[in-house]
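A.B. asks: Quick one: structure below, then a few questions.
Derivation of every value follows stated rules applied to the coordinates shown; laboratory data play no part. Values in this document were obtained by computation on a predicted structure and should not be read as measured data. Because the Cβ atoms are built from the backbone with ideal geometry, glycine has one as well, and the counts that use them run over all protein chains shown.
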There are 2 protein chains.
Amino acid sequence: MPKLDLDAIEQTNRTFYPEPYASPMKNRFYRRLAPAAGLTDFGVSHVTLKPGGISSQRHWHEGEDEFVVLLQGEAVLVEEDGEMVMRAGDCAAFPKGVPNGHHLVNRSDKDCLFIAVGRIVATDCHYPDIDMHLNAANGRFTHKDGTPFRVARES
Amino acid sequence: MPKLDLDAIEQTNRTFYPEPYASPMKNRFYRRLAPAAGLTDFGVSHVTLKPGGISSQRHWHEGEDEFVVLLQGEAVLVEEDGEMVMRAGDCAAFPKGVPNGHHLVNRSDKDCLFIAVGRIVATDCHYPDIDMHLNAANGRFTHKDGTPFRVARES
C-alpha cells in the first residue's frame, strides 16, 4: 500500500559532519522516505528532533530548493535575519542560491516532528556560523579555506 | 522570512478537468506554495479537503512521483487494491509509472488538510475510473479514445 509504515523504515541519527559539528546532531533522528517508497524525483525525510536537537548546522544550498512542514511539537526556525517559532501545520521554504542560512532548533521539552523535502545535494553548501564547507566537487566537508578536517582514527 | 504566511497565498478550488469530472472537485481548495515561495525543483500544494471533497479523480502518473502527508483531520486513501484511512502525520508515496490509481476522499464532517509534493506534470496521466485521459503531448484532457470533450460555451 502507498501509505507508509513509518515504523518499518529505518530511523537513524547518523551524520556525515566531521567533529566538532557532528555531536550536536545526536538528538536528530530521521527516516529517508523516498528510497523506502521508491521515489526518485525528490527526497523526503521524516525527522524527529528530540529536545535540544537541531535539524542541521545552519546552512544554505547553492543549487537545491528545500521545503519543510511541521507535523508535531514546535521548533524555532533560526535564519540570517532572526528567529520564528514553527508549530504543527507551519511551512517554510528555502529557495536554492539564497544566502540565508537556516535550521530548526527544538528548545521545547517535547519531540518535534517534521517533513523535509529536497533533491539530492549536488552543489556547494554554506555554513555561516562555523568553519565548515561542503564541496560538491568531491562531496567532502572541509574547513572554509579548503583544508581537510583531522579525523580521529580508531586504533 | 522563509516561514510561509499561508493566509497570504491565494487559495482556489479551480480545476482543469472537463465536466462532468470538474464538479466533484468543488470541495478541494489549494494553495500552490512553490511558486509563492520561489521553489522550482518541485511543486508543493497545501490542500484543504472540505467534507465530501476529493483530492483529484483517481489517477496515476507515468513520469512523476507524488508524496502526501496529512496535517489535520482525516481522509480515506482510495487506490487500486482498497482503502485506508489517513490521519495527521500519516504519509503516502506514489512512485511514477506504477499503475495504481489513487486519491484522497474526505468522508468526515471536518476539514482535512494535507501537503502534496510532485513535479510539474509532463507525462500522460491515467484515470482508471472514468473516461478521461491526460495527454502530455498536447496537455489536454480527452476521452480515452482520444476524442475531445464537448465544451459548453457561454453565450
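A.B. asks: Dividing the convex hull volume of the alpha carbon atoms of the protein assembly as shown by its residue count, what do you get in Å³ per residue?
C.D. replies: Values: hull volume 49.9 nm³, N = 310.
Roughly 161 Å³ of hull volume per residue.
A.B. asks: If you put a point 7 Å past Cα along the Cβ direction, how far is that point for B:Lys144 from the same point in each other copy, in nm, smallest first?
C.D. replies: With the label placed 7 Å along Cα→Cβ, B:Lys144 yields 6.2 nm.
A.B. asks: If you don't mind, there's one more thing I want to ask. Roughly what percent of Cα-Cα pairs across the range A:1-136 reach past 27 Å? Intermediate results must be reported in sequence, preceding the final value.
C.D. replies: Values: 1286 of 9180 pairs.
It works out to 14 percent of all Cα pairs.
A.B. asks: Quickly estimate the mean residue ellipticity at 222 nm for chain B, helices only: each DSSP H run with n ≥ 4 gives -39500 (n - 2.57), and the total goes over all residues, rounded to 500. If you can, show how the numbers build up before the last one.
C.D. replies: On the way: 1 runs with 5 residues, N = 155.
Rounded to the nearest 500, it is -500 deg cm²/dmol.
A.B. asks: Treat the count of other C-beta atoms within 10 Å as a stand-in for reagent exposure and order A:Val47, A:Val69 from fewest to most. Let's see the in-between values first.
C.D. replies: Working: A:Val47 21, A:Val69 25.
The most exposed by this proxy come first: A:Val47, A:Val69.
A.B. asks: Around A:Asn13, with a cut-off of 15 angstrom between Cβ atoms, what is the net charge of the other residues, counting Lys and Arg +1 and Asp and Glu -1? Each step should come with its number before you reach the end.
C.D. replies: Values: positive: A:Arg14, A:Lys26, A:Arg28, A:Arg31, A:Arg32, A:Lys50; negative: A:Glu10, A:Glu19, A:Asp111.
Residues near A:Asn13 contribute +3 overall.
A.B. asks: Once phi is turned into θ = phi - 60°, what whole-Hz ³J(HN,Hα) does the Karplus curve with 6.51, -1.76 and 1.60 give for every residue of the range B:22-37, x standing for Gly and Pro?
C.D. replies: Whole-Hz 3J(HN,Hα) from phi for the range B:22-37: 7, 4, x, 8, 5, 9, 9, 10, 9, 10, 8, 7, 4, x, 5, 9.
A.B. asks: Here's another thing I want to ask about it. Anything over 32 Å Cα to Cα? Flag those among A:Lys26/B:Lys110; A:Lys50/A:Lys96; A:Lys96/B:Lys144; B:Lys3/B:Lys144; B:Lys50/B:Lys144; A:Lys3/A:Lys26, in the order listed.
C.D. replies: Values: A:Lys26/B:Lys110 39 Å; A:Lys50/A:Lys96 27 Å; A:Lys96/B:Lys144 40 Å; B:Lys3/B:Lys144 42 Å; B:Lys50/B:Lys144 30 Å; A:Lys3/A:Lys26 28 Å.
Result: A:Lys26/B:Lys110; A:Lys96/B:Lys144; B:Lys3/B:Lys144 exceed 32 Å.
A.B. asks: Scan chain B and hand back the longest stretch that contains none of the GluC sites (Glu not before Pro) lying in DSSP loops with at most 10 other Cβ atoms within 10 Å.
C.D. replies: Working: sites that count: B:Glu10, B:Glu154.
With GluC sites (Glu not before Pro) excluded where exposed in loops, chain B gives B:11-153 as its longest stretch.
A.B. asks: Also, I was wondering about something else. With a sphere of radius 14 Å drawn around the Cβ of B:Asp41, what net charge do the other residues whose Cβ falls strictly inside it have (Lys, Arg +1; Asp, Glu -1)? Let's see the in-between values first.
C.D. replies: On the way: positive: A:Lys96, A:Arg119, B:Arg119; negative: A:Asp41, A:Glu62, A:Glu64, A:Asp65, A:Glu66, B:Glu64, B:Asp65.
Combined, the nearby Lys, Arg, Asp and Glu give -4.
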